[in-house]
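Values in this text are rule-based calculations from the coordinates and carry no lab data. Bear in mind that the values here come from a model prediction, so they are computed numbers and not experimental data. Positions of Cβ are generated from backbone atoms using ideal geometry, with glycine treated the same way; all protein chains shown enter the neighbour counts.
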Amino acid sequence: QKEVEQDPGPLSVPEGAIVSLNCTYSNSAFQYFMWYRQYSRKGPELLMYTYSSGNKEDGRFTAQVDKSSKYISLFIRDSQPSDSATYLCAMSDGTISNFGNEKLTFGTGTRLTIIP
Amino acid sequence: NAGVTQTPKFQVLKTGQSMTLQCAQDMNHNSMYWYRQDPGMGLRLIYYSASEGTTDKGEVPNGYNVSRLNKREFSLRLESAAPSQTSVYFCASSDLNPGAAWPQHFGDGTRLSIL
């Protein structure tokens, strides 16, 4: 079983709909959670960054973390065609390895298409 | 506002050939990373460098070597390319703060095909 599970999709929704993207994880030590957006033929770009449980809102985007269920979500309100991309979740326990490195564990990504 | 720059963007190699992928960042970050991204596998860490002068293996290091040339530059070398190394390679960088996790910033990738 992977440490982080993410439904690969593809997910297609009409413009203006609310989108819900989710990841589950098994490592209870994870406490830093991120969402990256990756457009086709581009690198991942950081979208949202949260610590511990709770919600964080940024414009049309809301990140939600439920540590008791080991479940994180990203909601996109009033979805636009420009939101069409692959969304990757990533998480960390925040510890530094003996070599001074911190490790991020990524989901495999959900491919989202917003239909005009 | 360049961020993380990777060269080349595309490359086709024959089995057994060697090549070096270049990465440079202008954000004064301490840590740099090399990942490969394959369908259904997500991003997998190949090598990382916590600071100038240090490197260490990630999840999938076999067949690769790295060099942290200075604080800005981190290169990935394939000594004898194999078809299994066909992938998209991403370089990333981040700051480092013990006790916290800093987000990693990615380049746009190098698409490598090994025939």
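Add +1 for every Lys or Arg and -1 for every Asp or Glu among the other residues with Cβ under 14 Å from the Cβ of B:Leu69, and state the total.
Local net charge: +2.
Can you check how the C-alpha radius of gyration of chain B compares to 2.2 N^0.38 Å, as a plain ratio?
That ratio works out to 1.01.
Please rank A:Ile72, A:Ile114, A:Ile18, B:Ile46, fewest neighbouring Cβ atoms within 10 Å first, as an exposure proxy.
The order, fewest Cβ neighbours first, is A:Ile18, A:Ile114, B:Ile46, A:Ile72.
Other chains near B:53-61: what is the mean number of their Cβ atoms within 10 Å of each residue's Cβ?
Going residue by residue through B:53-61 and averaging, the value is 2.
Top mean-square fluctuation among B:Gly42, B:Gly58, B:Gly16, Gaussian network model of chain B, C-alpha springs under 10 Å?
B:Gly42
Which residue fluctuates most in the GNM of chain B (Cα springs below 10 Å): B:Pro103, B:Pro39, B:Pro61?
Of B:Pro103, B:Pro39, B:Pro61, the Gaussian network model singles out B:Pro39 as fluctuating most.
List the residues whose amide H sits under 5 Å from the amide H of B:Asp108, counting only those 5 or more places along or on another chain, with H placed 1.01 Å from N in the peptide plane.
Under 5 Å from the amide H of B:Asp108 lie the amide H atoms of A:Gly43, B:Gln6, each far enough along the sequence or on another chain.
Round to the nearest 0.05 the FRET efficiency obtained for A:Ile115 and B:Thr54 when R0 = 35 Å and r is the Cβ-Cβ distance.
For R0 = 35 Å, the calculated efficiency reads 0.15.
How large is Rg over Rh for the protein assembly as shown, taking Rg from the Cα atoms and Rh as the Kirkwood inverse mean of 1/r across Cα pairs?
So for the protein assembly as shown, dividing Rg by the Kirkwood Rh gives 0.97.
Can you tell me how chain A classifies by the Cα gyration tensor, rounded, prolate or oblate, using a/c under 1.5 as the rounded cut?
prolate
Compute the Cα gyration tensor for region B:7-67, then decide on rounded, prolate or oblate, letting a ≥ b ≥ c be the square roots of its eigenvalues: rounded whenever a/c is under 1.5, prolate when a/b is larger than b/c in the other cases, and oblate in all that remain.
Note, shape of region B:7-67 comes out prolate.
Just checking the output field for A:55-67: average partner chain Cβ neighbours within 10 Å of each residue's Cβ?
Counting Cβ atoms of other protein chains within 10 Å of each residue's Cβ and averaging gives 0.
Of A:Lys42/A:Lys70; A:Lys70/A:Lys103; A:Lys103/B:Lys14; A:Lys67/A:Lys103, which pairs sit farther than 21 Å apart, going by alpha carbon to alpha carbon?
Beyond 21 Å: A:Lys42/A:Lys70; A:Lys103/B:Lys14.
Going by average Cβ density within 10 Å per residue, which order do the peptides B:19-25, A:11-17 take, highest to lowest?
B:19-25, A:11-17
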